[in-house]
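Reviewing the structure listed below.
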Amino acid sequence: MSLDRGRVWITGIGIITAAGTGLEAFRAGLRAGRSPVKRIDRFDPSPFRSQVAAQVDDFDPLAWMPPKTARQLDRFSQFGLVAGQLALADAGLRPGEGGGASPERIGIYLGSALGGIAYAEEQHERYMAKGIRQVAPNLALAVFGGAAPANLGIALDVRGPILSTANSCASGAVAIGEALGAIRAGEIDAAIAGGVEIPLSPLAFGAFDIIRALSPGSNDDPSHACRPFDENRDGFVMGEGGALLVLESDEIVRARGVEPYAAVIGYGATSDAHHMVQPREDGREAARAATIAMAQAVVSPEEIDYVSAHASSTPIGDIAEARAIALALGAGVASTVPVSGTKALYGHPLGASGAIEAAICALAIRDGWAPASVNLDEPDPEIATILPGLLREGREGDYRRILSTSFGFGGLNAALVFGATGR
């Protein structure tokens, strides 16, 4: 194993998505290339224009934690706890043992756009129906964005800094970027970083539906509702899920003798200062986030082997992103680099998306395979002209430097660059 000194390495991945829970199930879901989007059955979706979502239907908290813990935690904190435990197990990391970072030198950085809003909505319904005495006593401890990382820290006895980022759909990428900075600065030696999102409740879902952000045109054909970069895309498909990565300093990785998936080598963030819903059409500030990330990584556009695009399947967002990628990489590189938008495989879990896509990037580097843009049946002509390398099938390759983009409401932009071992 050849490592580059000073790098921050991804050594573990814990993941929960509609495509699969756990790393091997998720890998299989990516390879299968089938969208798990279905008609919502968590609540009655008939009042809404969009009636489909990517639900995680195979998650049973009692399979992962004692009944008492399951009762104490809402689904947001349950996902955070399980994703974190899966990540640590995958990394083979036991804090303070075997050369691993001490509990005081491990931080938790978790992004979420909405935190425990679904649980709060459920409890509000109980309050309206039966009064305050019927509200769960853990409500105040569950709704804030820091609840999931705090519960994870308690369970693991991890005592470093906890940061909860709420940068809408860029939250997970921002959390990973902030963890990268803290390890590089010597503030901590390792981090559990990523995002978790549990947005599937009537009010939360309906709030996005009434602003016409969600896909309304495939209620009778849910598996084709999410179609990034396709000419017939008509909005994003909400999903739930989470991904947490174990990040470790080069010194700790060497001491433990583990083989990492990849390194996080660059992070950039900007804001459009333009509109709360619509991105800048020219993609200028989104491109600048990618440029900052590449500069921090000391990677030129020509060295980017693959782009994992945010690609939320919205009419305005996907074309703006294509323009941003071309601005950041240059027209020449953009005309050849492989690009895919993968959200048809797990929906759009808002603040968790960037973390899920970070996991995809790490796996692309380790496995030498990049996933397709599922449901890309008729590529948008303008996008296809800008990005001819859109992947309609998974592709094997030597992916050594990968750019990943994440964009959120409010014009919040983030980009990450990942590198292979022995770059």
Residue selected from the stretch 51-72 under the condition in contact (Cβ under 8 Å) with a residue 40 or more places away in the chain and in contact with a Phe, Trp or Tyr (Cβ under 9 Å, 6 or more places away or on another chain), by the criterion nearest to residue 202 (Cα to Cα): 53
Being open to solvent by 50 Å² or more (accessible area, probe 1.4 Å) and either hydroxyl-bearing (Ser, Thr, Tyr) or assigned to a helix (DSSP H, G or I) (or both) is the filter here, so list the residues in the stretch 28-41 that pass it. 28, 31
So in the stretch 357-406, with the set limited to residues that are touching a Cys at 6+ places or on another chain (Cβ under 9 Å) and part of a loop (DSSP other than H, G, I, E, B), which one is nearest to residue 194 (Cα to Cα)? 399
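With the structure loaded, tell me whether residue 363 is buried (at least 24 other Cβ atoms within 10 Å of the Cβ) and either more than 18 Å from residue 246 (Cβ to Cβ) or at pLDDT 95 or above (or both) or whether it fails that test.
Numbers: buried (at least 24 other Cβ atoms within 10 Å of the Cβ): no; either more than 18 Å from residue 246 (Cβ to Cβ) or at pLDDT 95 or above (or both): yes.
No: the conditions fail for residue 363.
Got a number for residues in the stretch 350-377 being closer than 23 Å to residue 213 by Cα and either among the hydrophobic types (A, V, I, L, M, F, W, C) or touching a Lys or Arg at 6+ places or on another chain (Cβ under 9 Å) (or both)?
Residues of the stretch 350-377 that are closer than 23 Å to residue 213 by Cα, as a first pass: 350-357, 373-377.
Then drop every residue that is not either among the hydrophobic types (A, V, I, L, M, F, W, C) or touching a Lys or Arg at 6+ places or on another chain (Cβ under 9 Å) (or both), which leaves 350, 352-353, 355-357, 373-377.
Adding up the residues that qualify gives 11.
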Only one of (1) open to solvent by 50 Å² or more (accessible area, probe 1.4 Å); (2) in contact (Cβ under 8 Å) with a residue 40 or more places away in the chain; (3) part of a loop (DSSP other than H, G, I, E, B) fails for residue 217. Which number is that? (2)
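Could you run through the stretch 195-214 and say how many residues are aliphatic (A, V, I, L, M), open to solvent by less than 30 Å² (accessible area, probe 1.4 Å) and in a loop (DSSP other than H, G, I, E, B)? Explain how you work it out, then say what you get.
Filtering the stretch 195-214 down to residues aliphatic (A, V, I, L, M) leaves 196, 198, 200, 203-204, 207, 210-211, 213-214.
Checking the rest, the ones that are also open to solvent by less than 30 Å² (accessible area, probe 1.4 Å) come to 196, 198, 200, 204, 213-214.
Those left that are additionally in a loop (DSSP other than H, G, I, E, B): 198, 200, 213.
Within the stretch 195-214, residues that are aliphatic (A, V, I, L, M), open to solvent by less than 30 Å² (accessible area, probe 1.4 Å) and in a loop (DSSP other than H, G, I, E, B) number 3.
Looking at 354, 394, which is the one that is open to solvent by 10 Å² or more (accessible area, probe 1.4 Å), under 27 Å from residue 422 (Cα atoms) and touching a Ser or Thr at 6+ places or on another chain (Cβ under 9 Å)?
From the options 354, 394, the qualifying one is 394.
Among the residues of the stretch 287-327, write down those that are assigned to a helix (DSSP H, G or I), open to solvent by less than 30 Å² (accessible area, probe 1.4 Å) and farther than 20 Å from residue 379 by Cβ. It would help to see each step written out before you state the result.
The initial filter retains those residues of the stretch 287-327 that are assigned to a helix (DSSP H, G or I), namely 287-297, 301-303, 315-327.
From what's left, open to solvent by less than 30 Å² (accessible area, probe 1.4 Å): 287, 289-290, 293-294, 297, 317-322, 324-326.
Hits for the stretch 287-327 are 287, 289, 290, 293, 294, 297.
The values are calculated or read from the model by the stated rules, or taken from the named source; none is laboratory data. What you see is a predicted model; the values in this text were computed from it and never measured. Please note: Cβ atoms are built from the backbone with ideal geometry, for glycine as well, and neighbour counts cover all protein chains shown. For the accessible areas, the whole protein counts, side chains as well, though only heavy atoms, and no ligand, DNA or RNA atoms are used. Shrake-Rupley method; radii C 1.70, N 1.55, O 1.52, S 1.80 Å.
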